[in-house]
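The values are calculated or read from the model by the stated rules, or taken from the named source; none is laboratory data. Please read all numbers here as calculations on a predicted model, not as lab measurements. Cβ placement follows ideal geometry from the backbone for every residue including glycine, while neighbour counts extend to all protein chains displayed. For accessibility, only protein heavy atoms count, side chains too; no ligands or nucleic acids. Shrake-Rupley method; radii C 1.70, N 1.55, O 1.52, S 1.80 Å.
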Amino acid sequence: MFVLDLSVEKWVGNRNESDFIENPDWNQIEAAIRELDGKSKTLVTLGVDDEAYMTIGGGESGNYVVSVTFNNMSFHNLVDLSKPDATEKLVIGGQEGIYPAKICVDLLPCLLAARTFTESGKLDTLLSWQEDESLVAV
């Protein structure tokens, strides 16, 4: 397996009492993603090293934001190109933010992206990805 650790945020009031699991199996990863609720559990990180990781945030109303970096400088977001040019509010990392609707994806593509990254460390080619230029370091 490519992923070496799993971090799950768990907000209690304004404190993050996150869980950290080394060498997680797929069942632990899938359960953590499914537990995202956009309230107390708002972010899961699948770590490889200091520079390569996948984050999955949100969860409320079945909306998730999935982002991957391989160098901690450029980030790729999973996108749903069928969504309108609108915005949605999601709580990620314990803070509410406004996100483009096209990067707010359903659970199934989220799980597929996470499974592929977990097993191979790659972006799933059956899904649509977009590099986030606003996050690219200069």
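Under the condition of being without any contact (Cβ under 8 Å) to a residue 40 or more places away in the chain and of a type in the set (V, I, T), which residue from the stretch 93-112 is least open to solvent (accessible area, probe 1.4 Å)?
Ranking the qualifying residues of the stretch 93-112, first place goes to I103.
Out of L36, L127, L123, L46, I need the residue that is under 22 Å from P24 (Cα atoms), surrounded by fewer than 19 Cβ atoms within 10 Å (Cβ to Cβ) and at pLDDT 95 or above. Which one?
Details: L36 fails: surrounded by fewer than 19 Cβ atoms within 10 Å (Cβ to Cβ); L127 fails: under 22 Å from P24 (Cα atoms); L46 fails: surrounded by fewer than 19 Cβ atoms within 10 Å (Cβ to Cβ).
Matching residue, one of L36, L127, L123, L46: L123.
What pairs come up if the first residue lies in the stretch 31-42 and is assigned to a helix (DSSP H, G or I), the second is open to solvent by 10 Å² or more (accessible area, probe 1.4 Å), and their beta carbons are under 7 Å apart, counting only those six or more places apart or on different chains?
From residues that are assigned to a helix (DSSP H, G or I), the pairs are A32/V8; I33/L111.
Which ones in the stretch 56-73 are among the small types (G, A, S), farther than 14 Å from L111 by Cβ and open to solvent by less than 20 Å² (accessible area, probe 1.4 Å)? Steps first, answer last, please.
Kept after step one, since they are among the small types (G, A, S), are these residues of the stretch 56-73: 57-59, 61-62, 67.
Checking which are farther than 14 Å from L111 by Cβ leaves us with 57, 61, 67.
Passing the criteria: G57, S67.
Among the numbered conditions (1) without any contact (Cβ under 8 Å) to a residue 60 or more places away in the chain; (2) closer than 16 Å to D106 by Cα; (3) not in a strand (DSSP E or B), tell me where Q28 comes up short.
(2)
Here are S67, S82, S74: which of them is polar (S, T, N, Q) and free of Cβ contacts under 8 Å to residues at least 60 places away in the same chain?
S82
Hey, among the residues in the stretch 8-32 that are acidic (D, E) and over 13 Å from R115 (Cα atoms), which one's surrounded by the fewest Cβ atoms within 10 Å (Cβ to Cβ)?
The extreme case among them is E22.
For the stretch 96-107, indicate whether the set of residues that are farther than 23 Å from K10 by Cα, in contact with a Phe, Trp or Tyr (Cβ under 8 Å, 6 or more places away or on another chain) and of a type in the set (D, E, K, R) is non-empty.
Checked against the condition, which is being farther than 23 Å from K10 by Cα, in contact with a Phe, Trp or Tyr (Cβ under 8 Å, 6 or more places away or on another chain) and of a type in the set (D, E, K, R), the stretch 96-107 yields no hits at all.
Does L90 satisfy being in contact (Cβ under 8 Å) with a residue 60 or more places away in the chain, open to solvent by less than 70 Å² (accessible area, probe 1.4 Å) and outside any loop (DSSP other than H, G, I, E, B)?
No: the conditions fail for L90.
For L81, state whether it is open to solvent by 70 Å² or more (accessible area, probe 1.4 Å), part of a loop (DSSP other than H, G, I, E, B) and either closer than 19 Å to Q95 by Cβ or touching a helix residue (DSSP H, G or I) at 6+ places or on another chain (Cβ under 7 Å) (or both). Let's see the steps before the verdict.
On the way: open to solvent by 70 Å² or more (accessible area, probe 1.4 Å): yes; part of a loop (DSSP other than H, G, I, E, B): yes; either closer than 19 Å to Q95 by Cβ or touching a helix residue (DSSP H, G or I) at 6+ places or on another chain (Cβ under 7 Å) (or both): yes.
Judged against the criteria, L81 is a match.
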